[in-house]
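Structure, as structure tokens:
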Amino acid sequence: MKYGYFDDERREYVITAPRTPLPWINYLGSEDFFTLISNTAGGYSFYRDARLRRLTRYRYNNSPTDSEGFRLYIRDGDTLWNPGWQPVKTELDAYECRHGLGYTVITGEKNGLRATQEFLVPPGDNCLLCRVTLENVSAGKKTAEVYPYVEFCLWDAMDDSSNFQRNFSIGEVETEPGVIYHKTEYRERRDHYAVFWTDAEVKAFDTARDAFIGVYGSPAAPEAVMNGGCTGSIAHGWAPVGAVQIGADLSSGETMSFLVGLGYIENRPEEKFSAPGVINKAPARAMMDRYRAPGAFDAALTALGQRWEALLSGYRADTGAEKLDRMVNIWNQYQCMVTFNMSRSASYFESGMGRGMGFRDSCQDLLGFVHMIPERARERILDIAATQFPDGSAYHQYQPLTKKGNLAVGSGFNDDPLWLIAGTDAYLRETGDWSILDESVPFDNDESLARPLLEHLRRSFNYTRTHMGPHGLPLIGRADWNDCLNLNCFSSQPGESFQTTGPSEGPVAESVFIAGMFVKYGRAYTDICRRLGLTEEADAGDAAIAAAEAAVLSAGWDGEWFRRAYDAFGNVVGGKECEEGQIFIEPQGMCVMAGIGKETGQAARALDSVKERLDTKYGIVLLQPAYTGYRLELGEITSYPPGYKENAGIFCHNNPWIVCAEAELGRGDRAFEVYRRTAPAYIEDISEIHRTEPYVYSQMIAGKDAPTFGEGKNSWLTGTAAWTFLSVSQAILGVKPTLDGLMIDPCIPGRVKGYTVTRRFRGAVYHIRVDNPQGAEHGVKELYLDGKLLQGNVIPAQSPGTEVSVRVIMG
Ligand code: BGC
């Protein structure tokens, strides 16, 4: 069942029923100011850091769900309603929500009045704008009262939801006609405030929640609205809000429109006040003036459109397969941008208060993002590298506002260092900008320890090289990519962290997965060394990689698939002798992507085992058989009920590893089959089962052992975005940036006769046409650059500003 449809022309998903199985959201903003907004106008805003600079409140586990947001109450006679349906939930005569790229438009109609809320964060500014348009579509006159409303957060979202003994006393506001300034803590150490304004004529306002909603009132029937109007309340402590009352008198066919804004303002400490205790409003006024000008909102919308057009024009496929094209050209790239911005911090599943930016997560996000804005990727790589420790290990997470590592979690996730090589390698391939390796970057954010980025990569490589276990496989530490496989932690008390209980340095527990990474990304590192003339280092590195590869093919091979790990007692994890958890997806994907066993047959055998043992109709599950009970020696993975999350859920993130692995073996039919199964556009019509948004990936789909098989969770912020984009754009459609140029290496279903891709690469544009006359799944027979036959399938980087045509004949 569907709850809407794709409008590819406008690059929108159009939701036609407000009761979606879960709130279906969008992200507005891609620089410093962000807003999450649902199809019923639920959501919240923050500046840079969803924990430390939260502008509006959101209660994640509230009931009804998605109760807080950017509300517009309309009182028309006896009828109270919202164009987004929530929170009043009056049945609407018409409803539509269009989630577009960086904007959302919600339209509701009731009793002959149509109301539209158009939301966006203007490029280059720190505010959310909402243009409200009211149209009288009835035959008679309409007299209504309209109330935009938000509830402020007292900045630190964690403190805001826990420290009530203080927070109920500190809330402060200032007001002016049409403007509410939220200035809690500005009197002391904060230099920032929020401004909520409208350019409509305002009849009255409220700034105290108790006055507007009522102490025992409900957001579904705010007392002020029910009683006929705002009360002019000034918040002193408790819960400051922004509510304004606007009159709408419309004759038949008449429309009115006005702007509502929510801005974040920072003042220099010496310019905080305009008079004792009075905030300096000059920058807020300048912000409001920017959007008072006629046409300013439309100009922002146009600028946004142009920005996305430019971003998406870096990779555009025309395959003739509608669903594939819409994923590749629109939604997958859009999600890559969002995950790049947010890492795993703020979604409807990630509270923004828990983890900040993940080291491994952000490095992987780069893989899908780097072609869009390489300069921002560069900056991100340097930020991430600055949280690495001098021994090459890394803080597992850091806060985006401070860019400092998160001490509570610390380090010891032994795959982390290698992801820095992966991200940097992707940047080098995309840009050819070798100067990044010379950038001086601190270790542990300590400038006195700064060394060139190359040294960071070296220490990443050496960290793995020098942390090998009894079988010559890398030690796992607290966990590897699978955060929940905790082989050194042994947590037995509820509430303890599965990852940080116990020592990170186990001398026995090893990871076959990290070994696969070491082979894949270690080679990337030695390749870089070789090009820099560091031949001895490269040779020594390759010898270490060869040893790891040999260890994988002996101790890491189970006969029909790659084992997962050895636990702290030296027992196999992910092997035939295991009662549960006999086969895991991760090492099959990573080891084959690394080319291990490609020539000797283990790679193909391992992928066949994946198909035989892990395939389901909704995707490939992470392991089988699922663990049925908690095992101290394996940790969090066994804490989940069977079929959920890492315990045999369909963890979407590593499905594309299998796509890439299949492509590594040239098996195009299977690669596409795996790709298709989890791609959101392909499962739109089972939205009642899948439940999460049909335009973005979710981290996890419940596996076949779960009672809710097929149900998605944790949508939006997942490494799935980057990896699926990589799998489809590079492994399947075969347009791969390499250090030497653009490689064309398609691996497609044999039935596909051809397709085109337009790719921007290092400033030049490549119009690529692939023909597949003989129904091949893989292999390039001929490649022409501007009509001239090239040797091989790597096109040297063309001069910036040029456009070339590339013709590829498979066979
Ligand atoms: C984390 C990733 C991790 C994955 C698998 C996600 O929630 O953000 O870092 O690799 O889970 O455990």
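Results, tabulated for the structure shown:
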{"item": "Packing-based ranking, highest mean first, of 523-529, 274-280 given that Cβ atoms within 10 Å are counted", "result": "523-529, 274-280"}
{"item": "Gyration tensor (alpha-carbon) shape descriptor, region 461-545, a/c threshold 1.5", "result": "prolate"}
{"item": "Residues of type lysines that K753 reaches as a straight line, Cα spacing below 28 Å, ignoring anything fewer than 8 places off in the same chain", "result": "K323, K598, K611, K617, K736, K781, K788"}
{"item": "Dimensionless Rg ratio for region 64-158, taking C-alpha atoms and the 2.2 N^0.38 Å reference", "result": "1.17"}
{"item": "³J(HN,Hα), Karplus 6.51/-1.76/1.60, whole Hz, each residue of region 448-461, x for Gly, Pro", "result": "5, 9, 5, 9, x, 4, 3, 5, 5, 5, 4, 5, 4, 4"}
{"item": "Per-residue [θ]222 nm for the chain (sum of -39500 (n - 2.57) over DSSP H runs n ≥ 4, rounded to 500)", "result": "-7500 deg cm²/dmol"}
{"item": "Between region 721-787 and region 310-364, the Cα center-to-center distance that results, in Å", "result": "21"}
{"item": "Peptides ranked, highest mean first, by Cβ atoms within 10 Å: ranges 381-391, 418-428, 494-504", "result": "418-428, 381-391, 494-504"}
{"item": "Region 116-231, Cα convex hull volume normalised per residue, Å³", "result": "150"}
{"item": "Relative intensity, log₁₀ I(q)/I(0), of region 538-582 from a Debye sum that treats every alpha carbon as a point, q = 0.24, 0.25 Å⁻¹", "result": "-0.80, -0.84"}
{"item": "Rounded to whole Å, sorted largest first: equivalent-ellipsoid semi-axes of region 15-78, Cα gyration tensor", "result": "23, 14, 13"}
{"item": "Cα gyration tensor shape for region 303-453, rounded if a/c is under 1.5, else prolate or oblate", "result": "prolate"}
{"item": "Centre separation in Å (Cα based) which lies between region 437-453 and region 134-176", "result": "45"}
{"item": "Protein accessible area in the chain, 1.4 Å probe - carbon and sulfur %", "result": "50"}
{"item": "Nonlocal amide H pairs with V573, under 5 Å, H built at 1.01 Å", "result": "R564, A565, Y566, D567"}
{"item": "Cut-off under 5 Å, modelled amide H: who pairs with W155 long-range", "result": "R54"}
{"item": "Cα-based Rg and Dmax for region 552-701, where Dmax is the largest Cα-Cα distance (Å)", "result": "15.4, 47"}
{"item": "Under 5 Å, built H, 5+ apart or other chain: amide partners of W238", "result": "S169, I170, G171"}
{"item": "Accessible area in the full protein assembly, largest first, 1.4 Å probe, for R605, R344", "result": "R605, R344"}
{"item": "Intensity falloff of the chain expressed as log10 I(q)/I(0), Debye formula with alpha-carbon point scatterers, at q = 0.07 Å⁻¹", "result": "-0.54"}
{"item": "For region 119-136, Karplus couplings with θ = phi - 60° (6.51, -1.76, 1.60), whole Hz, Gly/Pro x", "result": "10, 7, 9, x, x, x, 10, 9, 8, 9, 10, 10, 8, 9, 10, 10, 10, 7"}
{"item": "Candidate aspartates and glutamates - alpha carbon under 14 Å from K141, same-chain residues fewer than 8 apart omitted", "result": "D76, D249, E254"}
{"item": "Lys, Arg +1 and Asp, Glu -1 on Cβ, resulting dipole of the chain about Cα centre, debye, nearest 20", "result": "720"}
{"item": "Rg over Rh [alpha-carbon atoms, Kirkwood Rh] for region 695-811", "result": "1.11"}
{"item": "Integer Hz, Karplus 6.51/-1.76/1.60 couplings in order for region 515-521, x for Gly and Pro", "result": "4, x, 4, 4, 5, 5, 7"}
{"item": "When each of K404/K645; K110/K142; K2/K704 is checked by Cα-Cα distance, pairs over 21 Å", "result": "K404/K645; K2/K704"}
{"item": "Net length gained if the chain between E688 and T501 were fully extended (0.36 nm per residue, minus Cα distance)", "result": "63.4 nm"}
{"item": "Protection proxy ranking, peptides 346-358, 76-88, 578-590, average beta carbon neighbours within 10 Å, highest first", "result": "578-590, 346-358, 76-88"}
{"item": "Three principal axis lengths of region 289-381 [C-alpha, angstrom, descending]", "result": "45, 42, 28"}
{"item": "Hull volume in cubic angstrom per residue (convex hull over the Cα atoms of region 366-456)", "result": "90"}
{"item": "Surface accessible to a 1.4 Å probe, per residue, for the residues of the chain, Å²", "result": "34"}
{"item": "Cα-based reach from K272 at 17 Å (exclusive), listing aspartates and glutamates while leaving out same-chain residues under 8 positions away", "result": "E172, E174, E185, E188, D191"}
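The values are calculated or read from the model by the stated rules, or taken from the named source; none is laboratory data. Not measured: the values here are computed from a predicted model. Methodologically, a virtual Cβ is constructed for each residue, glycine included, from the backbone with ideal geometry; neighbour enumeration extends over all protein chains shown. Only protein heavy atoms, including side chains, enter the accessible area calculation; ligands, DNA and RNA are left aside. Shrake-Rupley method; radii C 1.70, N 1.55, O 1.52, S 1.80 Å.
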